[in-house]
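What follows draws every value from the coordinates through simple rules; no lab data is involved. Nothing here was measured: the structure is a model prediction, and the numbers come from that model.
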Amino acid sequence: MKKKSGKALIISGVIMLLTGILFNIRTIFGLIDLLTADESADIGIIGGADAPTAIFLTDRIFADMMIIEKAGLLLLIAAPILIIVGIVSRHCKMHQK
């Protein structure tokens, strides 16, 4: 199996990132709406790092997501990893020459 070049990894990562954003437009707007609501001030007072608040926020954000939006979130997570690996790969190849 042929190894992907750094440029191919970067392009693949950008495509995955754009696809993930496209799949999650509704979720992004819902998240903005949730974070700008009046309740967000109360959540900030409680604290965002404790487990009950994390469970509450996760339930509110992801409860009504469709499977395609959940797949888009995976793309959003994987895309920066591909981009970083591609940049490091290109950087290493440039210094080997």
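Per-residue Karplus couplings for segment 83-91, computed as 6.51 cos²θ - 1.76 cosθ + 1.60 with θ equal to phi - 60°, are listed in order as 4, 5, 4, x, 5, 5, 4, 5, 5 Hz, Gly and Pro entered as x. Annotation: extensible slack from I11 through L73 equals 20.5 nm (criterion: 0.36 nm per residue apart, minus Cα-Cα distance). Note on T19 and Q96: the extension gain reaches 24.4 nm, defined as 0.36 nm multiplied by sequence separation minus the Cα-Cα distance.
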